[in-house]
Amino acid sequence: MFDFDATVLARIQFAFTVSFHIIFPAITIGLATYLAVLEGLWLKTNNQIYQQLYQFWVKIFAINFGMGVVSGIVMAYQFGTHWSGFSAFAGSVTGPLLTYEVLTAFFLEAGFLGVMLFGQNKVGKKLHFFATCMVATGTVISTFWILASNSWMHTPQGFEIIDNRVVPIDWWQIVFNPSFPYRLTHMTVAAFLSSAFFVGASAAWQLLKGNDTPAIRKMLSMAMWMALIVAPLQAVIGDFHGLNTLEYQPVKIAAMEGHWRNEGNEPTPLILFAMPDMDKQTNHFSLEIPGLASLILKHDITKQVPALTEFPAEDWPNVPLVFWSFRVMVGLGVLMILAGVWSLYLRRKQTLYSNRLFLRLVLLLGPAGLIATLAGWFTTELGRQPWVIQGLMRTQDAVSSHSVTHLSLSLMMFVICYFGIFGVGYRYMMRLISKGPVSQGIEHHG
Amino acid sequence: MEFDLPLIWFGIIIFATLMYIVMDGFDLGIGILFPFIHDEDDRDVMVNTVAPVWDGNETWLVLGGASLLGAFPLAYAIVLEALTIPLLIMLLALIFRGVAFEFRFKSSAETKPFWDKAFMFGSIIATFAQGVVLGAFISGVSVDGQRFSGSSFDWLSPFSLFCGFGLMLAYALLGATWLVKKCTGTLKTTMQQLAKVLAICLLMTIGIVSLWTPFVQPNIALRWFSLPNLFYFAPVPLLVLLCTKALIRALNTEDDYRPFLLTLALIFLGFSGLGISIWPHIIPPTISLWQAAAPESSLGFMLIGALMIIPLILAYTFWSYYVFRGKVTKDAGYH
Ligand code: HDD
Ligand code: HEM
Ligand code: HEM
């Protein structure tokens with residue numbers, strides 16, 4: 001299946017480093033907003049609980065943010081070192097977007113981060129709150145630009161090709177390309193959900209250990225409200241996203257659905273489970289609901305969804321991977337919705353903080369947001385293959401001309417260093433979380 | 001009026017690089033100085049002087065990379081591909097030292113020495129790799145049409161390694177004079193002593209690099225030693241000498257600010273020599289900045305943002321430094 005040529009190795013390295021990277025932003029974006037809300041509530045109500053929670057989460061935020069920054073810088077340089085063909089061809093579009101991200105987001109985050117983390121005693125409360133808000137705003141602006149760039153690679157428009165490179169014509173069209181609104185909202189909500197379950201699981205852990213304080217209850221309560229409201233919203237956005245993809249990247253949808261061919265006038269079934277086989281161009285062990293895919297994607301039970309065999313095989317992505325990562329994402333999304341609904345039920349029965357089965361489920365769902373985010377990205381990005389820019393540039397033309405040895409060595413270095421460093425970082429985060437929020441104000445590092 | 005957009009962007013990228021060298025220079029320098037300071041509390045003070053600002057400093061590196069991609073995609077593609085190995089080493093080293101800021105304070109007593117070393121070696125290796133990148137860049141990159149045509153190890157030469165060594169001295173001097181400004185007591189006096197030695201070493205290194213550069217690139221020699229140019233460049237070495245002398249004099253006084261400012265001037269002079277050497281190429285020695293420039297529509301779009309936002313960035317960066325102004329002492333560690 002894999003012959004490890006240079007392109008494959010460069011792809012694995014990109015996928016590996018960006019997957020590590022996105023774990024941190026997903027939490028940074030959510031936590032920054034959460035911290036801004038906590039501090040705002042504290043300023044408004046003067047309730048000590050909010051200050052306790054702020055002091056607690058800001059430390060975890062600091063570690064996570066640091067890891068996000070250093071893993072992000074690798075991404076920004078990797079476009080040149082490993083994807084020089086892509087950069088030379090499309091840098092005129094992705095470069096300005098990345099530059100805007102640096103100017104409007106990265107500097108804002110970094111500039112106010114110092115005051116947010118170390119300035120409690122140096123500036124007034126209002127100014128400190130302002131700094132927190134600026135960091136949170138920065139993370140959202142960052143999402144805006146990077147997703148504009150990424151969405152453009154899926155649904156490019158607003159350009160001409162002159163002398164074998166992309167020449168931007170209309171920046172409005174480039175930024176607000178067809179898939180951008182869906183991807184921006186879907187990813188932002190994914191970050192909020194990831195953080196909600198991260199926070200919720202921390203609270204559930206404490207409650208299961210018998211550490212039942214008002215601050216910890218507040219944590220769980222806020223997280224579950226978030227899950228209740230936002231998880232269903234995510235499913236709706238995801239549905240719209242899928243409709244958009246059907247219009248612009250029908251092959252990707254066919255792969256996500258494991259849909260090989262249309263027979264006669266038979267409407268397209270929704271496949272719940274199957275083992276797609278690319279050689280035989282069929283599914284094994286498939287469990288399907290007749291007509292449901294037609295209903296979801298066409299909103300009409302009689303219309304067919306385009307099938308893989310209607311497109312040349314050289315334009316197919318890796319079907320099993322796309323098929324399965326999509327199911328992992330949606331499956332976790334459904335679990336999150338259920339957890340949200342259950343929390344509402346328990347709230348009414350007043351057992352939200354004591355139902356151990358529920359608390360165990362929330363603890364288990366702690367990494368669910370992050371896993372779903374990764375699975376979603378794998379669906380999107382693998383589903384675009386073999387194109388790096390849909391319809392414009394093939395991935396194999398994008399890659400730098402490094403040797404296989406060179407790429408294997410650098411991949412190995414990244415794997416070792418990332419697991420080592422970020423593994424330790426996660427341990428420190430877990431250690432802080434296991435201590436739980438404490439009631440006194442500012443404290444010193446030990 | 002017609003604007004020469006590629007030229008303006010060349011200027012902005014030089015500015016971003018210079019900002020990076022100056023700002024991240026002193027905080028990398030602090031890691032380079034770790035081997036000379038063994039006291040744990042002193043090390044904490046050193047790290048605390050930059051903890052609130054290091055992230056913003058490093059962002060200038062990202063701006064340099066991103067605007068190179070946007071304004072000169074061809075240069076970004078070719079130069080980065082050619083320099084992949086030293087760049088990857090730099091990135092990994094920056095990861096080690098970047099996380100060490102947080103990890104040093106979150107770790108237990110047994111693992112703290114490990115993160116101290118990560119901070120120290122990370123800073124040293126990242127700096128060395130940056131110097132190698134600079135040196136290899138000046139030496140030139142082989143290009144065939146639109147693609148890099150050299151080999152993975154073209155960057156490795158005695159000249160580039162020497163530049164790596166030189167940049168370490170420069171950053172260490174920036175770090176030492178920064179600490180003179182931010183510290184008190186024995187730490188300050190130690191830094192004053194160290195800075196004097198570093199200043200002399202740096203002076204010699206600048207001299208050697210300046211004599212060596214014309215030999216690695218015949219074009220550069222041509223530019224330096226042709227007549228009207230020689231006349232313009234002549235003041236630069238003189239100013240370098242004067243600066244070093246004033247710096248050493250300032251280090252013998254109790255003055256807090258002057259050593260750091262004079263070091264900045266010294267770095268600025270050294271850097272201008274580099275600019276003169278590569279001008280007007282963005283991929284020395286063959287591809288000019290106009291040949292590698294992105295389409296006007298990209299350059300114009302970026303310029304609007306840059307002109308509006310960079311002043312704002314400078315303003316709040318300055319504010320953040322202002323909030324954390326003054327001396328950092330052991331008991332007032334605000335981490
Ligand atoms: C959905 C949001 C998102 C996505 C898809 C990405 N990032 Fe990211 N990135 C962020 C959201 C973010 C952030 C929230 O803004 C970070 C995370 C932690 C942080 O400190 O800022 C960040 C940090 C960060 C930094 C360091 C910024 C600094 O110096 O402060 C760089 C250079 C990048 N990213 C570059 C990239 C590239 C080239 C990506 C594409 C492959 C990418 N990021 C994907
Ligand atoms: C942060 C979340 C992201 C994740 C988890 C992610 C995931 C992936 C994965 C798994 C691949 C490998 C696909 C393959 O080669 O088979 C890939 C490729 C790629 N992605 Fe993304 N991606 C993310 C964001 C982005 C963004 C924001 C951009 C652009 C600005 C981007 C640009 C690319 C490029 C250039 C490649 C390499 C070429 C390719 O293999 O297609 N990615 N990504
Ligand atoms: C429950 C129902 C969900 C549906 C129907 C859904 C739908 C989709 C679809 C169709 C895509 C592919 C977009 C493309 O074609 O390029 C996608 C991508 C993605 N999904 Fe979901 N999703 C759901 C839940 C979730 C959850 C719970 C998360 C994370 C918490 C998540 C995170 C993502 C991410 C990060 C991407 C990649 C970025 C993007 O293209 O938007 N999704 N989703």
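The values are calculated or read from the model by the stated rules, or taken from the named source; none is laboratory data. Since the model is a prediction, treat every value here as computed from it, not as a measurement. Please note: Cβ atoms are built from the backbone with ideal geometry, for glycine as well, and neighbour counts cover all protein chains shown. Each accessible area value is taken on the protein alone, full model and side chains, heavy atoms only, with ligands, DNA and RNA left out. Shrake-Rupley method; radii C 1.70, N 1.55, O 1.52, S 1.80 Å.
The angle between the Cα long axis of helix A:125-154 and the main principal axis of chain A comes to about 10°, on a 0 to 90 degree scale.
For residue A:125, a cut-off of 19 angstrom between C-alpha atoms picks up these aspartates and glutamates, skipping any fewer than 8 places away in its own chain: A:39, A:109, A:443. Using the average count of surrounding beta-carbon atoms within 10 Å as a protection proxy, the listed peptides B:161-170, B:310-319, B:273-282 rank, highest first, as B:161-170, B:273-282, B:310-319.
The spacing between segment B:134-150 and segment B:52-117, judged by their C-alpha centroids, is 23 Å. Ranked by the mean number of other Cβ atoms within 10 Å of their residues, highest first, the peptides B:10-16, A:370-376, B:149-155, A:191-197 come out as A:191-197, A:370-376, B:10-16, B:149-155. Enumerate the residues in segment A:415-440 having an amide nitrogen under 18 Å from the point lying 7 Å beyond the Cα of residue A:19 toward its Cβ. Answer for this model: A:415-424, A:426. Helix screen, chain B: DSSP H segments with Cα axial length of 27 Å or more and mean Kyte-Doolittle hydropathy at least 1.6 are B:5-33, B:258-278. Quick check on the protein assembly as shown: take the gyration tensor over C-alpha atoms, sort the square-rooted eigenvalues as a ≥ b ≥ c, and tell me if it's rounded (a/c under 1.5), prolate or oblate. Because a/c hits 1.5 or more and a/b fails to exceed b/c, the protein assembly as shown counts as oblate. Averaging the sequence gap over all C-alpha pairs within less than 8 Å and six or more residues apart, then dividing by the number of residues, gives segment A:293-366 a relative contact order of 15 percent. As a rough guide to protection, the peptides B:253-261, B:48-56 ranked by mean Cβ packing within 10 Å, highest first, stand as B:48-56, B:253-261.
Averaging 1/r across all pairs of distinct Cα atoms in chain A and inverting the result yields a Kirkwood radius of 23.5 Å.
Across peptide B:90-101, the mean count of Cβ atoms from other chains lying within 10 Å of each residue's own Cβ comes to 6. For residue B:268 and residue B:314, the FRET efficiency from 1/(1 + (r/R0)^6), where r spans their Cβ atoms and R0 equals 25 Å, is about 0.90. Computed from backbone phi, the HN-Hα couplings of segment A:234-249 come to 4, 5, 5, 4, x, 4, 4, 4, x, 4, 5, 5, 4, 6, 9, 9 Hz, rounded to whole numbers (Karplus: 6.51 cos²θ - 1.76 cosθ + 1.60, θ = phi - 60°; Gly and Pro given as x).
Of all aspartates and glutamates in the structure, the ones whose alpha carbon falls short of 14 Å from that of residue B:181, not counting any fewer than 8 places away in one chain, are B:27, B:254, B:255, B:256. Helix A:319-348 and the longest principal axis of the C-alpha atoms of chain A enclose an angle of approximately 30°. Interface area, chains A and B: about 6100 Å² of buried accessible surface, summed, with a 1.4 Å probe and ligands, DNA and RNA left out.
Separation of segment B:172-191 and segment B:301-322, taken as the distance between their Cα centroids, equals 29 angstrom. The residue A:311 and residue A:349 beta-carbon pair, evaluated with R₀ = 60 Å, returns a calculated FRET efficiency of approximately 0.70. Inter-label distance, residue A:167 to residue A:405: 4.3 nm, where each label sits 7 Å from its Cα along the C-beta direction. Estimated from the Cβ-Cβ distance and a Förster radius of 25 angstrom, the FRET efficiency linking residue B:276 and residue B:254 is about 0.10.
Farthest towards the positive end of the charge dipole of chain A, among the residues A:137, A:29, A:116, is the Cα of A:116, using unit charges on the Cβ of Lys, Arg, Asp and Glu. Roughly how tilted is helix A:107-118, in degrees to the nearest 10 and between 0 and 90, from the longest Cα axis of chain A? With both axes taken from Cα atoms, the answer is about 30 degrees. Remark: mean inter-chain Cβ contacts per residue of B:31-43 equal 0, using a 10 Å Cβ-Cβ cutoff to other protein chain atoms. Going by a ≥ b ≥ c, the root eigenvalues of the Cα gyration tensor, does segment A:1-143 fall in the rounded group (a/c under 1.5), the prolate group (a/b larger than b/c) or the oblate group? Taking the square roots of the gyration eigenvalues as a ≥ b ≥ c, segment A:1-143 is prolate. Would segment A:346-423 count as rounded, prolate or oblate if I go by the C-alpha gyration tensor, calling it rounded below 1.5 in a/c and otherwise prolate when a/b exceeds b/c, oblate otherwise? The shape class here is oblate. Couplings 3J(HN,Hα) of segment A:71-88, computed from phi: 6, x, 4, 4, 4, 4, 8, 5, 4, x, 5, 10, 10, 5, x, 4, 5, 5 Hz, in residue order, whole Hz [Karplus 6.51 cos²θ - 1.76 cosθ + 1.60, θ = phi - 60°; x for Gly and Pro].
Normalising the average separation of contacting C-alpha pairs (under 8 angstrom, six or more residues apart) by the number of residues puts the relative contact order of chain B at 25 percent.
The length gained on full extension between residue B:329 and residue B:142, counted as 0.36 nm times the residue separation minus their Cα-Cα distance, comes to 62.3 nm.
Using the 1.4 Å probe convention, the accessible area of chain A works out to 40 Å² per residue with neighbouring protein chains retained. When Rg and the Kirkwood Rh are both derived from Cα coordinates, the Rg/Rh ratio for chain B amounts to 0.97.
Counting protein heavy atoms only, the protein assembly as shown has 69 percent of its accessible area on carbon and sulfur, 1.4 angstrom probe.
A viscosity of 0.890 mPa s and a temperature of 25 °C, combined with the Kirkwood radius over C-alpha pairs in the Stokes-Einstein formula, give segment B:243-319 a diffusion coefficient of 152 µm²/s.
Under 20 Å of direct C-alpha separation, and excluding same-chain neighbours fewer than eight residues apart, residue A:252 reaches these lysines: A:280, A:298, A:303. Past the 30 Å Cα-Cα mark, which pairs from A:209/B:117; A:122/A:435; A:59/B:327? Pairs exceeding 30 Å: A:209/B:117. Equivalent ellipsoid of segment A:15-85: semi-axes from √(5λ) of the C-alpha gyration tensor, largest first, are 34, 10, 8 Å. Only helices enter the 222 nm calculation for chain A: every DSSP H run of n ≥ 4 contributes -39,500 (n - 2.57), and dividing by all residues gives -24000 deg cm²/dmol, rounded to 500. Working from label points 7 Å from Cα in the Cα-to-Cβ sense, the residue B:114 to residue A:211 distance is 2.3 nm. Mean per-residue shielding of peptide B:295-304 is 6, counting Cβ atoms of other chains within 10 Å of each Cβ.
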